[in-house]
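Participant: Attaching a single structure in C-alpha coordinates format; questions to follow.
The values are calculated or read from the model by the stated rules, or taken from the named source; none is laboratory data. Only a predicted model underlies this, so the values are computations on that prediction, with no experimental measurement involved. Cβ: placed from backbone, ideal geometry, glycine included. Neighbour counts: every protein chain shown. SASA here: full protein model, heavy atoms, side chains in, ligands and nucleic acids out. Shrake-Rupley method; radii C 1.70, N 1.55, O 1.52, S 1.80 Å.
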Amino acid sequence: MQLNIAKFHTLKGFSFAEVCIAIVVCVIFGAATFQTNQRLLVALKSQKETTAASMMLQERMEKFRGFSYSNIADKTYVNTNVVQVKTTSEAALSNLSETITVSGYMNTGGTIRNYPSDGTTANKWVRNLTYPNGNQTDTNTSLAADNDLLKVDILLTWTSANGRSRTRDLAAVFGKGNIGP
(Lines give C-alpha, C1' and ligand atoms only; values in the text may rest on other atoms or scores of the structure.)
Protein backbone atom coordinates (compact mmCIF):
# COMPACT_ATOMS: atom_id res chain seq x y z
CA MET A 1 0.00 0.00 0.00
CA GLN A 2 1.48 3.22 -1.09
CA LEU A 3 0.55 6.69 0.28
CA ASN A 4 0.25 9.64 -1.95
CA ILE A 5 2.14 12.37 -0.06
CA ALA A 6 1.42 15.07 -2.64
CA LYS A 7 -2.28 14.68 -1.94
CA PHE A 8 -1.86 15.85 1.67
CA HIS A 9 0.22 18.90 0.75
CA THR A 10 -2.33 20.39 -1.63
CA LEU A 11 -4.67 21.54 1.14
CA LYS A 12 -5.04 25.30 1.03
CA GLY A 13 -5.54 27.75 3.94
CA PHE A 14 -5.93 31.48 4.40
CA SER A 15 -3.00 33.66 3.52
CA PHE A 16 -1.65 36.24 5.97
CA ALA A 17 -3.07 39.11 3.83
CA GLU A 18 -6.57 37.61 3.95
CA VAL A 19 -6.39 37.25 7.74
CA CYS A 20 -5.28 40.90 8.07
CA ILE A 21 -8.15 42.09 5.88
CA ALA A 22 -10.65 40.07 7.95
CA ILE A 23 -9.29 41.63 11.15
CA VAL A 24 -9.61 45.14 9.68
CA VAL A 25 -13.22 44.44 8.62
CA CYS A 26 -14.04 43.20 12.15
CA VAL A 27 -12.43 46.28 13.75
CA ILE A 28 -14.37 48.64 11.44
CA PHE A 29 -17.62 46.80 12.25
CA GLY A 30 -16.89 46.98 16.00
CA ALA A 31 -16.08 50.70 15.82
CA ALA A 32 -19.26 51.41 13.82
CA THR A 33 -21.34 49.45 16.34
CA PHE A 34 -19.77 51.38 19.23
CA GLN A 35 -20.40 54.75 17.52
CA THR A 36 -24.01 53.81 16.77
CA ASN A 37 -24.50 52.85 20.40
CA GLN A 38 -23.05 56.20 21.53
CA ARG A 39 -25.43 58.15 19.26
CA LEU A 40 -28.35 56.10 20.54
CA LEU A 41 -27.46 56.85 24.16
CA VAL A 42 -27.19 60.60 23.43
CA ALA A 43 -30.56 60.51 21.64
CA LEU A 44 -32.17 58.68 24.57
CA LYS A 45 -30.73 61.18 27.07
CA SER A 46 -31.96 64.10 24.96
CA GLN A 47 -35.44 62.58 24.85
CA LYS A 48 -35.35 62.05 28.62
CA GLU A 49 -34.41 65.72 29.10
CA THR A 50 -37.20 66.92 26.81
CA THR A 51 -39.71 64.79 28.68
CA ALA A 52 -38.43 66.09 32.03
CA ALA A 53 -38.74 69.69 30.79
CA SER A 54 -42.33 69.10 29.62
CA MET A 55 -43.21 67.52 32.96
CA MET A 56 -41.61 70.41 34.83
CA LEU A 57 -43.61 72.95 32.82
CA GLN A 58 -46.84 71.04 33.46
CA GLU A 59 -46.08 70.78 37.18
CA ARG A 60 -45.45 74.53 37.41
CA MET A 61 -48.56 75.42 35.45
CA GLU A 62 -50.73 73.10 37.56
CA LYS A 63 -49.50 75.00 40.63
CA PHE A 64 -50.67 78.27 39.06
CA ARG A 65 -54.02 76.73 38.08
CA GLY A 66 -54.67 75.95 41.73
CA PHE A 67 -54.07 79.56 42.86
CA SER A 68 -56.64 82.32 43.09
CA TYR A 69 -56.35 85.34 40.80
CA SER A 70 -55.04 87.58 43.57
CA ASN A 71 -52.41 84.98 44.55
CA ILE A 72 -51.14 84.78 40.96
CA ALA A 73 -50.71 88.56 40.97
CA ASP A 74 -49.03 88.56 44.40
CA LYS A 75 -45.25 88.52 43.91
CA THR A 76 -44.54 87.26 47.44
CA TYR A 77 -47.03 84.40 47.17
CA VAL A 78 -45.67 83.25 43.80
CA ASN A 79 -42.08 83.56 44.99
CA THR A 80 -42.76 81.47 48.10
CA ASN A 81 -45.05 78.83 46.57
CA VAL A 82 -43.65 78.42 43.05
CA VAL A 83 -40.23 79.94 42.45
CA GLN A 84 -38.54 78.65 45.60
CA VAL A 85 -40.07 75.16 45.30
CA LYS A 86 -38.11 72.69 43.19
CA THR A 87 -40.03 70.37 40.90
CA THR A 88 -39.70 66.60 40.94
CA SER A 89 -38.52 66.36 37.34
CA GLU A 90 -35.86 69.06 37.10
CA ALA A 91 -32.97 66.86 38.25
CA ALA A 92 -32.54 65.46 34.72
CA LEU A 93 -31.82 68.93 33.28
CA SER A 94 -28.24 70.14 33.49
CA ASN A 95 -27.41 73.84 33.72
CA LEU A 96 -31.13 74.67 34.07
CA SER A 97 -32.39 78.23 33.90
CA GLU A 98 -36.07 78.88 34.61
CA THR A 99 -37.80 82.21 33.94
CA ILE A 100 -41.30 82.79 35.30
CA THR A 101 -43.15 85.92 34.20
CA VAL A 102 -46.58 87.05 35.44
CA SER A 103 -47.77 89.99 33.37
CA GLY A 104 -50.98 91.83 32.60
CA TYR A 105 -52.74 90.39 29.56
CA MET A 106 -55.85 92.59 29.43
CA ASN A 107 -56.24 95.76 31.46
CA THR A 108 -59.46 96.78 33.18
CA GLY A 109 -60.33 98.96 30.18
CA GLY A 110 -60.40 95.89 27.92
CA THR A 111 -57.18 96.64 26.05
CA ILE A 112 -54.94 93.68 25.25
CA ARG A 113 -51.41 94.22 26.49
CA ASN A 114 -48.22 92.96 24.92
CA TYR A 115 -45.57 92.71 27.61
CA PRO A 116 -42.75 93.81 27.35
CA SER A 117 -43.10 95.69 24.05
CA ASP A 118 -46.01 97.81 25.34
CA GLY A 119 -43.85 99.22 28.13
CA THR A 120 -45.70 97.55 31.01
CA THR A 121 -43.93 95.83 33.87
CA ALA A 122 -44.46 92.37 35.26
CA ASN A 123 -43.46 90.13 38.11
CA LYS A 124 -40.50 88.20 36.74
CA TRP A 125 -38.16 85.69 38.37
CA VAL A 126 -35.08 83.89 37.13
CA ARG A 127 -33.96 80.69 38.83
CA ASN A 128 -30.63 79.15 37.81
CA LEU A 129 -27.32 77.93 39.26
CA THR A 130 -26.44 81.46 40.41
CA TYR A 131 -29.86 81.97 42.06
CA PRO A 132 -31.13 78.50 43.12
CA ASN A 133 -34.06 80.06 45.05
CA GLY A 134 -34.86 82.56 42.33
CA ASN A 135 -34.12 86.21 41.76
CA GLN A 136 -36.92 88.70 41.06
CA THR A 137 -35.79 90.86 38.16
CA ASP A 138 -39.01 92.83 37.54
CA THR A 139 -41.82 93.91 39.87
CA ASN A 140 -45.36 95.18 39.46
CA THR A 141 -47.41 95.49 42.65
CA SER A 142 -50.66 96.52 40.92
CA LEU A 143 -51.19 93.59 38.54
CA ALA A 144 -54.46 92.43 40.14
CA ALA A 145 -55.96 95.94 40.32
CA ASP A 146 -54.90 97.06 36.82
CA ASN A 147 -55.77 93.92 34.84
CA ASP A 148 -58.74 91.65 34.24
CA LEU A 149 -56.51 88.92 32.76
CA LEU A 150 -53.01 87.83 33.74
CA LYS A 151 -50.58 85.89 31.56
CA VAL A 152 -48.10 83.44 33.08
CA ASP A 153 -45.08 82.54 30.94
CA ILE A 154 -42.61 79.85 31.98
CA LEU A 155 -39.40 79.45 30.00
CA LEU A 156 -36.87 76.66 30.59
CA THR A 157 -33.36 76.68 29.14
CA TRP A 158 -30.83 73.90 29.67
CA THR A 159 -27.76 72.31 28.11
CA SER A 160 -28.57 68.95 26.55
CA ALA A 161 -26.47 65.77 26.48
CA ASN A 162 -24.80 66.73 23.21
CA GLY A 163 -23.86 70.21 24.51
CA ARG A 164 -26.62 72.02 22.63
CA SER A 165 -28.68 74.72 24.36
CA ARG A 166 -32.36 73.73 24.47
CA THR A 167 -35.52 75.64 25.45
CA ARG A 168 -39.14 74.81 26.23
CA ASP A 169 -41.86 77.23 27.23
CA LEU A 170 -45.48 77.25 28.27
CA ALA A 171 -47.97 80.10 28.74
CA ALA A 172 -51.47 80.41 30.17
CA VAL A 173 -53.95 83.21 30.73
CA PHE A 174 -55.84 83.53 34.02
CA GLY A 175 -58.89 85.68 34.68
CA LYS A 176 -60.63 87.13 37.69
CA GLY A 177 -62.73 84.44 39.26
CA ASN A 178 -60.00 81.86 38.77
CA ILE A 179 -60.91 79.11 41.19
CA GLY A 180 -58.29 78.49 43.83
CA PRO A 181 -57.96 77.91 47.56
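Participant: Out of every Cα pair in the stretch 1-114, what percent are spaced more than 20 Å from each other?
Facilitator: Within the stretch 1-114, distances greater than 20 Å cover 69 percent of Cα pairs.
Participant: As a test of understanding, state the convex hull volume per residue of the stretch 58-129 from its alpha carbons, in Å³.
Facilitator: Dividing the Cα hull volume of the stretch 58-129 by its residues yields 111 Å³.
Participant: While we're here: On a straight-distance basis, which aspartates and glutamates could pair with residue 48 in a cross-link, Cα separation under 17 angstrom, same-chain partners fewer than 8 positions away excluded?
Facilitator: Cross-link targets: 59, 90, 169.
Participant: When the chain is fully extended, how far beyond the present Cα-Cα distance does residue 166 get from residue 153, taking 0.36 nm per residue of separation?
Facilitator: Result for the pair: 3.0 nm of gain on full extension.
Participant: Right, next: Zone of residue 50 (label point 7 Å along Cα→Cβ, backbone N under 19 Å): which residues in the stretch 78-108?
Facilitator: Answer for the stretch 78-108: 89-97.
Participant: Let me ask something additional. When the helix-only estimate is applied to the chain (DSSP H runs of n ≥ 4, each -39,500 (n - 2.57), divided by the residue count), what is the mean residue ellipticity at 222 nm, nearest 500 deg cm²/dmol?
Facilitator: Dividing the helical sum by the residues of the chain leaves -12000 deg cm²/dmol.
Participant: Right, something else. Rg and Dmax in Å for the stretch 115-173, alpha carbons only: what are they?
Facilitator: Cα radius of gyration and Dmax of the stretch 115-173 are 14.3, 46 Å respectively.
Participant: Let me ask something else. Step through the residues of the stretch 44-60 one at a time and calculate ³J(HN,Hα) from phi using the Karplus curve (6.51 cos²θ - 1.76 cosθ + 1.60, θ = phi - 60°), rounding each to whole Hz and writing x for Gly and Pro.
Facilitator: For the stretch 44-60, the Karplus curve yields 5, 5, 4, 5, 4, 5, 5, 5, 4, 5, 5, 5, 5, 4, 5, 4, 4 Hz.
Participant: A further question on this structure: Could you state the number of Å between the C-alpha centres of the stretch 59-97 and the stretch 119-147?
Facilitator: 12 Å
Participant: Sequence neighbours fewer than 8 away in the same chain don't count; with that in mind, list the lysines whose C-alpha is under 24 Å from residue 12.
Facilitator: Candidates past the 8-residue exclusion: nothing left.
Participant: Now a separate question. What percent of all Cα-Cα pairs in the stretch 22-181 falls into each 10 Å bin, going from 0 up to the bin containing the maximum distance?
Facilitator: 10, 34, 26, 14, 7, 5, 3, 1, 0
Participant: Can you list the lysines whose alpha carbon is less than 19 Å from that of residue 176, not counting same-chain residues fewer than 8 positions off?
Facilitator: The reachable lysines, counting only those whose Cα sits under 19 Å from residue 176, are 63, 75, 151.
Participant: Of the residues 34, 67, 14, which exhibits the maximal mean-square fluctuation in a Gaussian network model of the chain defined by a 10 Å Cα contact cut-off?
Facilitator: 14
Participant: While we're on this one: Any idea how far apart residue 84 and residue 142 come out in nm if each label point goes 7 Å out from Cα toward Cβ?
Facilitator: Spacing of the two 7 Å Cα→Cβ label points: 2.8 nm.
Participant: Given a 1.4 angstrom probe, what's the average accessible area per residue across the chain, in square angstrom?
Facilitator: 63 Å²
Participant: With contacts defined as alpha carbon pairs under 8 Å and 6 or more residues apart, what's the relative contact order of the stretch 63-181 in percent?
Facilitator: 33 percent
Participant: If you don't mind, another one. Within the chain, which is the longest segment containing none of the trypsin sites (Lys or Arg not before Pro) that sit in a DSSP loop and have at most 16 other Cβ atoms within 10 Å?
Facilitator: Here the longest run is 87-163.
Participant: Continuing with this model, one more query. Rounded to a whole number, what % of the accessible area of the stretch 8-104 do carbon and sulfur atoms account for, probe 1.4 Å?
Facilitator: Within the stretch 8-104, the accessible surface is 67 percent carbon and sulfur.
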